[in-house]
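Only one structure is covered here, and it is reproduced in the block below.
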Amino acid sequence: MDISVITPARIHIGRSGPRMTTKELLKFRQDHAIAMDAVWSHVNEEAVEQLGFKIINTLIKDKEEYIRRSDLGRKFSEETLEDIKNTCINHPTVQIIAVDGLSSPAIDANLKDIYGILIDGFKHKGISIGTPLFVRYGRVATMDAISEVLGAEITILLVGERPGLATGESMSAYMAYQSSTDKPESQRTVVSNIHNAGLYPVEAGAQIIHITEIMLNEKKSGVELKI
């Protein structure tokens, strides 16, 4: 049996003497290059704006600083927070945030499909949605500050995952009930591995809507939420 049809993991790849075969070496170098490009590339912000997202920036100035200073990728200036509060819908039931994270191609490849499902699904359920935000040079914890300033009940953050050697387009959805900077990381519920060779964006969107309903009923998230 060809094990490559079961998993993209590098197992049972064969060898030539003490080394991997030329075919596998070239594939490894190709996948490594894809992962590097995913980290250093930028999201197509024109496409994000066309979806209706308001673009904001963390304290990070460029990609190099983003890689070196993860702490600044979790913070906003006071001016940015004030702008969010004054220009976005306050106290939404659901606040959707997209973040470039460590894989910009993940946003380019998946955001349109998953966002469309979320909008339609929440509308069908009668769940109100806030002003969608795209965070440039952001980390997961940016959802906490945004939730606090807007008073969101459920915050959903869609972020490009750290790329591996199987794909450079994988996205995760971090979800939290009354997300707060005072709460630990364990407040978050995660749906991961969202891409066309993993959990399809459409299927992930349906899962996120279902989990959101449970969170609203249970008024909790993360390790406290039993699904």
Using alpha-carbon coordinates, inclination of helix 78-87 to the longest axis of the chain, degrees: 70 degrees
Part-to-part distance (alpha-carbon centres) for segment 174-210 and segment 43-80, which is given in Å: 20 Å
Cα pair distances of segment 40-224 binned at 10 Å [whole percent]: 10, 41, 39, 10, 0
Relative contact order (percent, whole number), segment 40-224, Cα cutoff 8 Å, 6+ residue spacing: 24 percent
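Find, among the trypsin sites (Lys or Arg not before Pro) in segment 141-227, those assigned to loop by DSSP (not H, G, I, E, B) with at most 13 other beta-carbon atoms within 10 angstrom.
Details: sites: Arg188, Lys219, Lys220, Lys226; in loops: Arg188, Lys219, Lys220, Lys226.
Here the trypsin sites (Lys or Arg not before Pro) that fit, given the DSSP loop and packing criteria, are Lys219, Lys226.
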Simple label model, 7 Å out from Cα along Cβ direction - Leu51 to Lys125, nm: 1.8 nm
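Just for the chain, what percent of DSSP beta bridges are antiparallel, to the closest 5? Working shown, then result.
On the way: 12 of 27 bridges.
Taking every DSSP beta bridge within the chain, about 45 percent pair in antiparallel fashion.
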Calculated FRET value between Asp182 and Ile214, using beta carbons and R₀ = 30 Å, to 0.05: 0.85
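Once the piece of chain linking Asn193 and Ala206 is laid out straight, how much longer is it, given 0.36 nm per residue of separation minus the C-alpha distance between them?
On the way: separation 13, 0.36 × 13 = 4.68 nm, distance 1.45 nm.
Result for the pair: 3.2 nm of gain on full extension.
Taken together, the values in this text are just the output of simple stated rules run on the coordinates, not laboratory data. This one's a predicted model, so the numbers in the text were calculated from it and none came from an experiment. Neighbour counts run over all protein chains shown; Cβ positions are idealised from the backbone, glycine included.
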